[in-house]
Amino acid sequence: MSDTTRFLLGENDIPKFWYNINADSPVAPNPVYNPATKEPVTPDFLSVLFPMDLIMQEISSERYIPIPDEVRDIYKLWRPTPLMRAARLEKALGTPAHIYYKYEGVSPSGSHKSNTAIPQAFYNKIAGTHALTTETGAGQWGSALSMACKFYDLPLEVYMVKVSYNQKPYRRFLMETYGAQVFASPTNLTHAGQAILDQNPNSPGSLGVAISEAVEVAASSSGTKKYALGSVLHHVCLHQSIIGEESLKQMDMANEYPDVVIGCVGGGSNFAGIAFPFLRENLKNGKRTRLLAVEPKAAPSLTKGVFAFDYGDTARMAPIVKMYTLGHDFMPAEIHAGGLRYHGMAPTLSALYDKGLIEAVAVHQKAVFEAALTFSNTEGILPAPESAHAIRAAIDEALEAKKTGEKKVILFNLSGHGHFDLTAYNAYLSNGLEDFDYPDEAIAHIPEHLPGITA
Ligand SMILES: *Cc1c(COP(=O)(O)O)cnc(C)c1O
């Protein structure tokens, strides 16, 4: 243990490889199905949406996949990211636990999402893709991909969930500064969007619908446009593994090793990014770190969802994968301000959770915002509401250690800053937030909303 606060690495310490958990995982990947035919997908089907290099990464069983020099050069703009000891937070909590966090908010877009946006734009560029389409919720993924596309001179269309487009315009403006074209989803530009608008002209949209629109535009472009996703897929989790690899080195500098590693989960990528390299150490080197995923009670896919094959999107155009899901037509409650609203969860993470190699907990949003302020009032950084789910769980672990007197070492991923989320903070401060539990009746009906594949 040292008195150091910031554990910093140099440019040479930026990982040269992405780590693929599938090489070491005791659970084999499940098959992926074509949503139209319900037959196993072929690389042909996937190649309508993704360049071949990313498809190969998606199905690779290689343990380490080299990071292209061009990508590492761009990573230098914000990597390695700092690992911090939260000593002032520990003191405020009066806990004997040591709390560390890995800070991904130093990237230009303010979150971990740039870690995958750059390689996705890179592989599309070298494959000759003319333009990309994507969806975004609050706009973190859209901002990260907008910058990446500008760097590689690729036009980008972003389908942004309408309620965010209207209520959180600043991320939209940021995307536009990087040259992206941003649409409020559902739009009347696609069949998927039109179908939703026919049912409800005032639909606030959802991530599932926005994904359908972006997929449809790419799939009907005769190969000129491809689609990019900022979470859930295996290649995205793979790209995020650099978070955990750097953290391993930095914990070593601190002369400590985490008893528990914590991350928030939307589609699962930032959690996978910090946790999978530590899971490798558990599986191969006899370490026993607990890996804890934290989700909102309003969108509790791991803790309340079913582990089943489901569509990746609302309009049933994206591949069918086996994951913990709330059903592809899940619509989050409008009162829910904290993000992490996707209906499913990364298949790799889902399978590991099913095997008991990963733990999960769901938290209420008021407790999340309370934790966010405890953190910002001691450590200074205002976290993204998503990241604050991880802070809530880290504080709860530290308070538990206070009761038992245990000198537990806690590491969490601070996936992004909250500078574009001030409307949500204002709602919290003016008592405008309510806790919401996704209702049990809705959970009981999930199986009726699934495609019925049991293989
Ligand atoms: C997108 C996002 C998340 C959730 O996505 P994952 O793929 O689960 O990581 C979490 N935190 C921040 C700051 C985000 O932008």
Selection from the stretch 396-419 of residues that are open to solvent by less than 70 Å² (accessible area, probe 1.4 Å) and within 21 Å of the chain's Cα centre (by Cα): Ile410, Leu411, Phe412, Asn413, Leu414, Ser415, Gly416, His417, Gly418
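Could you tell me which of the residues Ala333, Ala318 is within 24 Å of Ala372 (Cβ to Cβ), more than 14 Å from the ligand (Cβ to nearest atom) and among the small types (Gly, Ala, Ser)?
Details: Ala318 fails: within 24 Å of Ala372 (Cβ to Cβ).
Sole residue among the options that is within 24 Å of Ala372 (Cβ to Cβ), more than 14 Å from the ligand (Cβ to nearest atom) and among the small types (Gly, Ala, Ser): Ala333.
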Residues (assigned to a helix (DSSP H, G or I) and within 11 Å of the ligand (Cβ to nearest atom)) located in the stretch 276-301: Ser301
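Condition first: surrounded by fewer than 23 Cβ atoms within 10 Å (Cβ to Cβ) and on the phi < 0 side of the Ramachandran plot. Now tell me which residues in the stretch 353-362 satisfy that.
Listed by number, the residues that qualify are Asp354, Lys355, Leu357, Glu359, Ala360, Val361, Ala362.
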Yes/no for Thr133 being more than 16 Å from the ligand (Cβ to nearest atom) and under 12 Å from Val182 (Cβ atoms): yes
Within the stretch 329-346, tally of residues that are farther than 19 Å from Ala384 by Cβ and surrounded by fewer than 24 Cβ atoms within 10 Å (Cβ to Cβ): 5
Leading residue by the ranking (nearest to the ligand (Cβ to nearest atom)) among those in the stretch 232-273 that are open to solvent by 20 Å² or more (accessible area, probe 1.4 Å) and not in a helix (DSSP H, G or I): Leu233
Hits in the stretch 149-177 - residues which are assigned to a helix (DSSP H, G or I) and touching a residue at least 60 places away in the same chain (Cβ under 8 Å): Phe151, Val163, Gln167, Tyr170, Arg171, Leu174
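Just to be sure, is Leu429 buried (at least 17 other Cβ atoms within 10 Å of the Cβ) and not aromatic (Phe, Trp, Tyr)? Steps first, answer last, please.
Values: buried (at least 17 other Cβ atoms within 10 Å of the Cβ): no; not aromatic (Phe, Trp, Tyr): yes.
Here the answer is no, as Leu429 does not meet what is asked.
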Flag for Asp421 being away from the ligand (no atom under 13 Å from the Cβ) and not aliphatic (A, V, I, L, M): no
Boolean, Ala388 is within 13 Å of the ligand (Cβ to nearest atom), part of a helix (DSSP H, G or I) and within 18 Å of Asn413 (Cα to Cα): yes
Filtered residues of the stretch 72-128 (kept if closer than 23 Å to Ile410 by Cβ, part of a helix (DSSP H, G or I) and within 16 Å of the ligand (Cβ to nearest atom)): Glu104, Gly105, Val106, Asn115
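The values are calculated or read from the model by the stated rules, or taken from the named source; none is laboratory data. Values in this document were obtained by computation on a predicted structure and should not be read as measured data. Counting neighbours? That spans all protein chains shown, and the Cβs are built from the backbone with ideal geometry, glycine included. To get the accessible areas, we keep the full protein, side chains included, count just its heavy atoms, and leave off ligands, DNA and RNA. Shrake-Rupley method; radii C 1.70, N 1.55, O 1.52, S 1.80 Å.
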